Amino acid sequence: SSSDIQANNSEGNLRSPICCIMGHVDTGKTKLLDCIRHTNVQEGEAGGITQQIGATYFPAENIRERTRELKADAKLNVPGLLVIDTPGHESFTNLRSRGSGLCDIAILVVDIMHGLEPQTIESLNLLRMRNTEFIVALNKVDRLYGWKTLRNAPIVKALKQQSKDVQNEFNMRVTSVITQFKEQGLNTELYYKNKDMGETFNIVPTSAISGEGVPDLLLLLVQWSQKTMIEKLTFKNELECTVLEVKVVEGHGTTIDVVLVNGVLHEGDQIVVCGMQGPIVTTIRALLTPHPMKELRVKGTYLHHKQIKAAQGIKISAQGLEHAIAGTGLYVVGPDDDLEEIKRSAMEDMESVLNRIEKT
Ligand code: GDP
């Protein structure tokens with residue numbers, strides 16, 4: 001029927017993009033994650049952010065609130081943004097689902113005082129090899145000599161209030177970074193000057209200490225994802241789920257932390273994960289997420305869910321997970337599925353994990 005077609009085309013059925021953060025050591029990846037997560041918490045409003053397991057989820061409403069000053073009335077069509085908490089190569093290379101990368105988009109952090117460094121170039125090559133979209137965060141702008149702090153301000157506003165000297169140094173350093181990217185065969189430009197976003201990658205100047213440019217980064221991540229990846233971000237029922245970590249938790253035994261990329265998980269689902277001694281077939285006892293930010297201090301307690309829809313970070317409690325292997329896929333056995341076939345698929349993931357370990 002026509003209403004079905006509308007439903008299929010509707011942007012209401014998008015999942016949240018999954019974002020990871022990469023770059024050279026000490027460029028501020030961890031600090032930037034902290035800053036992205038904590039801005040509102042410091043001001044006493046959690047704004048619905050939940051630091052999940054291995055990932056932090058930002059509802060669209062939170063992003064809208066934090067980017068208000070940018071006066072972007074552009075629609076946010078995705079439900080939110082899921083940011084993977086582990087910075088660096090591992091989260092990008094080791095975590096895959098069904099052969100493709102886990103991350104839809106990446107933040108490539110560059111220190112404005114240092115420019116491109118060896119691991120920046122490594123990250124860049126990984127991103128290009130996988131054809132992954134990314135945004136450059138040109139971090140530590142507050143280290144420009146004489147920088148006046150304007151906490152969590154949009155970057156253009158923050159730059160306007162700087163002295164001529166600071167602005168000159170900023171321009172000089174940006175030009176130098178753009179040249180260095182060019183030497184790597186990549187066109188880049190400050191995002192607010194970028195007239196050719198398809199071919200030219202965006203640079204967002206940021207400070208992970210005082211938050212300038214962070215609203216810009218958040219908004220651009222979401223807008224660029226929903227602009228260029230509608231198909232990839234359209235919610236699919238077919239399950240796509242990756243095991244991030246295997247952990248013993250008091251009161252729950254051995255649990256697995258997963259990122260659910262697509263599909264829905266239910267309490268009671270029969271699942272198959274790759275194990276050291278063969279496939280593990282078990283039943284989801286509990287689907288858990290931590291409490292929203294405000295209540296994170298309540299230690300060791302989790303929210304229980306009957307079902308969870310992608311994209312989310314989730315802790316799964318079930319029997320027999322002791323030998324589960326991180327980096328592999330999680331499969332659900334449906335009523336019409338062939339269990340043996342699913343077991344084989346689950347174990348195939350082990351080979352690719354071992355291959356990756358050998359290479360590193
Ligand atoms: P990572 O190795 O990329 O995760 O880098 P970290 O987040 O650990 O940061 C490395 C150092 O740089 C720490 O001392 C941070 O406090 C500092 N740092 C990170 N971001 C900024 C920034 O925007 N401005 C300034 N001044 N220092 C920063």
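Taken together, the values in this text are just the output of simple stated rules run on the coordinates, not laboratory data. These numbers were taken from a predicted model, which means no experiment stands behind them. Positions of Cβ are generated from backbone atoms using ideal geometry, with glycine treated the same way; all protein chains shown enter the neighbour counts.
Specify whether the C-alpha gyration tensor of the stretch 104-145 places it in the rounded, prolate or oblate class, a ≥ b ≥ c being the square roots of the eigenvalues: rounded for a/c under 1.5, otherwise prolate if a/b is larger than b/c and oblate if not. The shape class here is oblate.
Of the GluC sites (Glu not before Pro) found in the stretch 157-203, the ones in coil according to DSSP and having at most 16 other Cβ atoms within 10 Å of their Cβ are 199.
The trypsin sites (Lys or Arg not before Pro) found in the stretch 106-209 that occupy coil by DSSP, while having at most 10 further C-beta atoms within 10 Å, are 195. For a quick check of your reading of the filter: which trypsin sites (Lys or Arg not before Pro) in the stretch 227-330 sit in a DSSP loop and have no more than 12 other Cβ atoms within 10 Å? Hits after loop and neighbour filter: 297, 299, 306. For the stretch 171-272, relative contact order (Cα pairs under 8 Å, six or more residues apart, normalised by length) works out to 14 percent. Take the alpha carbon gyration tensor of the stretch 194-261, find the square roots of its eigenvalues, order them as a ≥ b ≥ c, and report rounded if a/c is under 1.5; if not, report prolate when a/b exceeds b/c, else oblate. Oblate is the answer for the stretch 194-261, as a/c is 1.5 or above yet b/c matches or exceeds a/b. Taking 7 Å steps out from each Cα toward its Cβ at residue 247 and residue 113 produces label points 3.3 nm apart. In this rough spin-label picture, where each label sits 7 Å from Cα along the Cβ direction, the residue 306-residue 231 distance is 3.6 nm.
Spin-label model, residue 336 to residue 13: label points 7 Å out along the Cα-to-beta-carbon direction sit 1.7 nm apart. Ordered by the number of other Cβ atoms lying within 10 Å of each residue's own Cβ, fewest first, 121, 135 fall into the sequence 121, 135.
Going from the fewest other Cβ atoms within 10 Å to the most, the residues 191, 302 appear in the order 302, 191.
Take the Cβ atoms of residue 348 and residue 193, set R0 to 45 Å, and the FRET efficiency comes out at 0.45. Ordered by the count of other Cβ atoms within 10 Å of each Cβ, fewest first, 116, 303 give 303, 116.
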